[in-house]
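**Student:** I'd like to ask some things about the structure below.
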Amino acid sequence: MSNRRLVIGIDAMGGDHAPENELLGAYQALEQLDKRNCSIRFFGQENVIRQSAEKLNIPLERFSIHHADETVTMHDEPSSIVKKKRTSSMYLGIEQVRVKETDAFVSAGNTGAMMATGTVVLGRIKGVSRPTIGTFFPTITGTPTLLTDAGANVDCKARHLLEFAIMGSIYYSEVTGIEKPTVGLLNVGEEPTKGNEAVLETYPLLQESGLNFIGNVEGRDIMTGDVHVVVCDGFTGNIVLKFAESIITVLRGKIGGYAERSTWNKIKVATALPTLRSVLKDMDYQQYGGVPLLGVNGTVIIGHGKSTPVAIKNMLIRAADVAEANISGKIETFLAKRSEH
């Protein structure tokens with residue numbers, strides 16, 4: 001890796017609690033990123049950023065600010081940003097990645113707008129017909145499972161699912177250090193003859209792909225740790241993701257309700273609290289930060305709209321990981337070699 005200092009940009013105006021959570025999260029990430037020779041640049045309305053920083057007692061001299069007149073809202077049409085909001089924090093942040101003034105850009109703002117703007121402004125890697133997003137799930141073994149697509153592409157053909165598997169495998173390998181991650185195709189059964197038309201067509205493509213394909217997997221396999229990369233269309237993946245995000249809320253509610261039934265129950269819960277917190281922490285989306293938009297020429301990380309400062313911190317760290325590993329470059333190289341054969 002070059003000794004050049006990496007610049008990680010963040011949309012200070014994106015997310016449900018911007019810019020406060022963005023500022024707090026960036027401040028929490030600052031020390032760790034500084035040790036990795038990375039700096040943080042805020043994109044957004046400078047006066048709003050400075051006022052919030054003063055209220056939160058955050059020293060802005062340790063950051064840089066790129067002023068943006070406009071903000072992309074959750075109500076903006078995703079495809080309209082490149083035409084109607086070119087002075088927005090989101091557009092300018094992604095544009096700065098394109099011209100290589102920043103090495104990565106993260107936002108907890110409008111997810112659809114991030115995907116559409118990232119794809120149009122940065123362009124697709126040659127050989128990628130549809131960029132994808134992948135998200136990590138905790139597992140029993142402690143080695144996470146990557147689910148892709150997690151919501152970028154609702155309707156997919158077999159070639160799209162093959163590309164998701166390739167990009168997911170490269171990303172997983174670079175992030176975890178596992179050289180040949182296993183790949184499973186999400187299906188309603190393990191038999192190769194089961195599934196819809198797209199899944200049936202994808203199975204032989206994955207068999208011939210050179211990836212470490214282990215066959216069909218079911219929903220129950222996602223969190224067992226038996227497979228590293230699980231491939232599916234974005235419609236299915238997003239339902240799985242949203243369901244999984246609800247589990248921690250349900251568990252907390254059930255535990256709280258159990259404790260309220262009696263004093264003895266409260267004592268039992270209090271005794272088990274350290275263990276419960278440790279288990280629930282592993283299942284908390286905040287620990288995984290954001291998800292990368294794989295398949296575009298640059299590093300773009302998309303966060304949850306409700307991202308807390310902890311989630312923002314981890315999203316910035318994830319952005320540094322992806323930028324340092326040059327994931328987009330490695331995807332491009334792999335696909336170029338594959339097209340030669």
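The values are calculated or read from the model by the stated rules, or taken from the named source; none is laboratory data. Worth saying up front: this structure is predicted, and the values here are computed from it rather than measured. FYI the Cβ positions are ideal-geometry reconstructions off the backbone, even for glycines, and counts take in every protein chain you see.
**Student:** Return a yes/no flag: does the range 235-242 have any residue that is basic (K, R) and touching a residue at least 12 places away in the same chain (Cβ under 8 Å). If you could, list the steps in order and put the result at the bottom.
**Tutor:** The initial filter retains those residues of the range 235-242 that are basic (K, R), namely 242.
The next check asks that each one be touching a residue at least 12 places away in the same chain (Cβ under 8 Å); those that pass are none.
For the range 235-242, residues basic (K, R) and touching a residue at least 12 places away in the same chain (Cβ under 8 Å): absent.
**Student:** Could you please find all residues in the range 195-210 being in a loop (DSSP other than H, G, I, E, B) and either at pLDDT 95 or above or more than 20 Å from K180 (Cα to Cα) (or both)? I'd like the intermediate steps shown before the answer.
**Tutor:** Pass one, the range 195-210, residues in a loop (DSSP other than H, G, I, E, B): 195-196, 208-210.
Result: G195, N196.
**Student:** Condition first: under 24 Å from the mean Cα position of the chain (by Cα), assigned by TED's automatic domain parsing to the domain that holds T236 and assigned to a strand (DSSP E or B). Can you find one or more residues in the range 172-182 that meet it?
**Tutor:** Yes; the residues of the range 172-182 include at least one that is under 24 Å from the mean Cα position of the chain (by Cα), assigned by TED's automatic domain parsing to the domain that holds T236 and assigned to a strand (DSSP E or B).
**Student:** Go through (1) in contact (Cβ under 8 Å) with a residue 40 or more places away in the chain; (2) of a type outside the set (D, E, K, R); (3) not in a helix (DSSP H, G or I) for S39 and report which single condition fails.
**Tutor:** (1)
**Student:** Given the residues E54, E101, E61, E95, which is the only one that is part of a loop (DSSP other than H, G, I, E, B), on the phi < 0 side of the Ramachandran plot and assigned by TED's automatic domain parsing to the domain that holds V300? Let's see the steps before the verdict.
**Tutor:** On the way: E54 fails: part of a loop (DSSP other than H, G, I, E, B); E61 fails: part of a loop (DSSP other than H, G, I, E, B); E95 fails: part of a loop (DSSP other than H, G, I, E, B).
Only one candidate qualifies: E101.
**Student:** Specify the residue that is nearest to the chain's Cα centre (by Cα); the eligible residues are those in the range 86-118 that are at pLDDT below 95 and among the polar types (S, T, N, Q).
**Tutor:** Only one residue fits best here, namely T111.
**Student:** Based on what the data block shows, is K83 over 20 Å from the mean Cα position of the chain (by Cα), surrounded by fewer than 19 Cβ atoms within 10 Å (Cβ to Cβ), assigned to a loop (DSSP other than H, G, I, E, B) and in the same structural domain as M315 (by TED's automatic domain parsing)?
**Tutor:** On the way: over 20 Å from the mean Cα position of the chain (by Cα): yes; surrounded by fewer than 19 Cβ atoms within 10 Å (Cβ to Cβ): yes; assigned to a loop (DSSP other than H, G, I, E, B): no; in the same structural domain as M315 (by TED's automatic domain parsing): yes.
Taking the combined requirement at face value, the residue does not satisfy it.
**Student:** Against the conditions (1) at pLDDT 95 or above; (2) at negative phi, where does G44 fall short? Just the number, please.
**Tutor:** (2)
**Student:** Does any residue of the range 289-306 turn out to be assigned to a helix (DSSP H, G or I) and farther than 17 Å from F164 by Cα? Break it down into steps so the answer makes sense when it comes.
**Tutor:** Filtering the range 289-306 for residues assigned to a helix (DSSP H, G or I) gives none.
Looking for residues that are assigned to a helix (DSSP H, G or I) and farther than 17 Å from F164 by Cα, one finds none in the range 289-306, hence no.
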